[in-house]
Structure formats: C-alpha cells, structure tokens
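The values are calculated or read from the model by the stated rules, or taken from the named source; none is laboratory data. What you are looking at is a predicted structure, and each value in this text was computed from that prediction instead of being measured. Neighbour counts are summed over all protein chains in view; Cβ atoms, including those assigned to glycine, are modelled from backbone coordinates with ideal geometry.
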Amino acid sequence: MARAAQLQLVRSAGKEAAAHGVRVNGIAPNFIENPSYFPPETTDDPEFQDSLRREVPAQRLGRGEEAASAMWWLASDHASYVFGAIIPTDGGWTL
C-alpha cells in the first residue's frame, strides 16, 4: 500500500510541477546490495544466492551504482522531457 501511494505521489506531483518547469521523478529500488539490508554473510551463502535466482529475474543483487545511475539520468538533461516517471531498479522483479 505504501509503495502505491509513493508511486501516485510522484505521478501527481510530476504532472502538477511540469507547468512550472519542475521535474518530479523517482526510482523504485529493490534487491540492492546494502550491508544494512543484506549482511555480507548472507550474500556469500549459496542458499541465499539460489533464493535470489528464483526471485529476481536478473539472478543477482543490484549494485548501489546501478540505482545511482538511474538517479543521475533522471537529474540530467537527457531526461529533460520526463515528468512523473518511476524507474524500477530491481533486476526485473516488478515485471
């Protein structure tokens, strides 16, 4: 429920702010390597790796740089006509 609210907030804020030249976009990261979320001892565990292969189409955890790249792109001039978009950075999990 909270994720749906966040998605709708970005979409509606993006639509409202567009008339003022302000871009509101977001990313939806999931399964990103992060020691506070996936401690190193779990990511080295073969059983954990197998569970990721079953759950995540990319069959691995994402790297922080991969999520950051999506943020940088949205903030760049390359995305100057993008308003109210959500980019999932989750290895294909939401597909």
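All told, Gly62 falls short of being of a type outside the set (Phe, Trp, Tyr), out of contact with any Cys (no Cβ under 6 Å at 6 or more places or on another chain) and at positive phi.
Scanning the stretch 64-95 for residues that are among the polar types (S, T, N, Q) and surrounded by 11 or more Cβ atoms within 10 Å (Cβ to Cβ) returns Ser69, Thr89, Thr94.
Listed by first and then second residue, the pairs linking a residue in the stretch 43-58 that is farther than 22 Å from Leu95 by Cα to a residue that is surrounded by 12 or more Cβ atoms within 10 Å (Cβ to Cβ) and not acidic (Asp, Glu), with Cβ atoms under 7 Å apart and 6 or more places separating them unless they lie on different chains, are Thr43/Leu61.
Scanning the stretch 1-37 for residues that are of a type outside the set (Asp, Glu), modelled with pLDDT under 90 and assigned to a loop (DSSP other than H, G, I, E, B) yields Met1, Asn30, Phe31, Asn34, Pro35, Ser36, Tyr37. Please specify each residue of the stretch 1-21 satisfying the condition of being among the basic types (Lys, Arg) and closer than 16 Å to Tyr81 by Cα. Within the stretch 1-21, Arg11, Lys15 qualify. Taking the criterion of being in contact with a Ser or Thr (Cβ under 7 Å, 6 or more places away or on another chain) and either among the basic types (Lys, Arg) or assigned to a helix (DSSP H, G or I) (or both), the residues of the stretch 38-95 that qualify are Phe48, Glu66, Ala67, Ala70.
Determine if the stretch 64-79 includes at least one residue that is hydroxyl-bearing (Ser, Thr, Tyr) and either over 12 Å from the mean Cα position of the chain (by Cα) or at pLDDT below 95 (or both). Within the stretch 64-79, one or more residues are hydroxyl-bearing (Ser, Thr, Tyr) and either over 12 Å from the mean Cα position of the chain (by Cα) or at pLDDT below 95 (or both).
Within the stretch 13-42, the set of residues being within 20 Å of Asp90 (Cα to Cα) and not hydrophobic (A, V, I, L, M, F, W, C) comprises Asn25, Gly26, Pro29, Asn30, Glu33, Asn34, Pro35, Ser36, Tyr37, Pro39, Pro40, Thr42. If you go through the stretch 9-47 and keep only what is loosely packed, with under 14 Cβ neighbours inside 10 Å and of a type in the set (A, V, I, L, M, F, W, C), you end up with Leu9, Ala19, Val22.
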